[in-house]
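As structure tokens, the structure follows; a few thoughts come after it.
The values are calculated or read from the model by the stated rules, or taken from the named source; none is laboratory data. Predicted model, so just to flag it, every value in this text is computed and none were measured. Using ideal geometry, Cβ is built from the backbone for each residue, glycine included, and neighbour counts are taken over all protein chains shown.
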Amino acid sequence: MKKIKLTLLCFSSIFLGYTQILYSDGATIQINNGAILYCNGGVSLSNTTQLVNDGELTTTKNSTLAQAGDFYIDAGTTVSGDGLYYIEQDWINDGFFNGDDSEVILYGNTQQFITSNNNTVTVYNHLTLTGNGMGIDRQKTLLAIDASTGVSGVLNLNDRELHTDVHNFYVINTDPNAIINSTSYEDEGFVSSVGNGFLVRSTNQIDSYFFPVGSSDVERRYRPVVIYPSVNIDQTFSVRMNNYSAEIDGYSLNQREEIVGEVNSLFYHSIEGSLPGVQSDLRVYYLPNKDDDWESIGNWNNHFQEWRDLGTSMAQNHGNYTSLVHENWTLSNDNSAYALINNKFPFIIPNVFSPNGDGENDYFYITATGLDDYELMILNRWGNVVFESSNPNEGWDGTFNGTPCTEGVYFYKLKGKQKNKEINEHGFLTLVRN
């Protein structure tokens, strides 16, 4: 294929400065289909410049000049067309960008910014993130502005991090496949946010909508969410993974309804829905080898100021990841904090029994659902063992070596493991025969 370096149809003045930076002050520029505009530096479009890109436009950082690799749209400037934009550094939009059927590829190996000096929100058609930078240089960051992909656009994260900071990135396309990412283990692409920032998706189908959220703050975590709406009406969902304990945001891990025994302290999700009363299935992913095992999803209830179990959650394995899904849940803006939880398996330990052969309360049992490595020991008042068992289905009949023990107070010790946690319980029980 013939490689055309630059094709311009100019109807106004144009100035190409320093051979590395393309400056336009009110020009009309046409990049035809098949043409390539390659700038070893940045592009700065000002005044009333009209740029129509139906080919390829590339900026690089191969320059010692300021704004190397930037693509700058000044106020009063219009950019449109169905072409490709390869941008190695920052995207700065103070004018008007019409995404048409174009694709913007942010390919830099250092941190890149999507920003504006006058609060202009860029609506891309397709936005693709690539590069090989690590750490903070893996990020493409929203700086002081929201951004979005359009009604037919796709957000392709590859293995990069789209950091929205305290802002929102909107995926307006209601196609469930409007977000793509790499799913290679520990090399996944994701969207990170802090404060009131969110990844926001528009939906109108009864299908799985994927939210590849995570964070690289302190420890890199990829913990996505899937929402499956129950109705095919227009609504939006907003998701953020908070890479720290919910305690920091005022959701006390110790304020729990009675059944909740433990709340994940490593991270939690903020999840909001735009239509109160409309139900969806909620699926949350986690990594057991780093996050421990969890059995349910908890939600912070603002009215009662406590963590509450959503109810039945089904677990499913996905290779290295496990997900928990709760069906038919209403996602609202009022109670938007969600965390992984483990519920209590309460011990039912009677304090009196009557082994008199009447068929009622003749055995001392401890009911301990989910208890492994069970060991029960009963001692008399002198500290002598009168009963011991490793079988949770075996109760004490009030005898020792076949001889009935005397009435009185005895002492029990219970050991075991529950959810890999050591259990040590002890207390007194009374034996009566009348």
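Details
- GLY357 being among the small types (Gly, Ala, Ser) and either in the same structural domain as ASN302 (by TED's automatic domain parsing) or at pLDDT 95 or above (or both): no
- When the range 196-210 is filtered for residues that are free of Cβ contacts under 8 Å to residues at least 60 places away in the same chain and touching a His at 6+ places or on another chain (Cβ under 9 Å), the ones remaining, listed by number, are ASN196, GLY197.
- Qualifying residue in the range 209-221 (condition: loosely packed, with under 14 Cβ neighbours inside 10 Å, farther than 24 Å from GLN316 by Cα and among the hydrophobic types (A, V, I, L, M, F, W, C)): yes
- Qualifying positions in the range 367-404 - closer than 15 Å to THR430 by Cβ, in contact with a strand residue (DSSP E or B) (Cβ under 6 Å, 6 or more places away or on another chain) and not in a strand (DSSP E or B): ASN380, GLY398
- So SER230, is it surrounded by fewer than 19 Cβ atoms within 10 Å (Cβ to Cβ) and assigned by TED's automatic domain parsing to the domain that holds ILE136: yes
- Total residues in the range 78-112 satisfying the condition of being crowded, with 24+ Cβ neighbours inside 10 Å and either in contact with a Pro (Cβ under 7 Å, 6 or more places away or on another chain) or of a type in the set (S, T, N, Q) (or both): the figure is 2.
- Of the strands (runs of 3 or more DSSP E) entirely within the range 222-322, none holds at least 1 residues that are of a type in the set (D, E, K, R) and at positive phi.
- Residue within the range 129-143 that is crowded, with 23+ Cβ neighbours inside 10 Å and under 28 Å from SER230 (Cα atoms) present: no
- Verdict on ARG283 being farther than 24 Å from VAL191 by Cβ, under 21 Å from the mean Cα position of the chain (by Cα) and not β-branched (Val, Ile, Thr): no
- Every residue from the range 46-68 that is within 18 Å of ASP100 (Cα to Cα) and hydrophobic (A, V, I, L, M, F, W, C): LEU51, VAL52, LEU57
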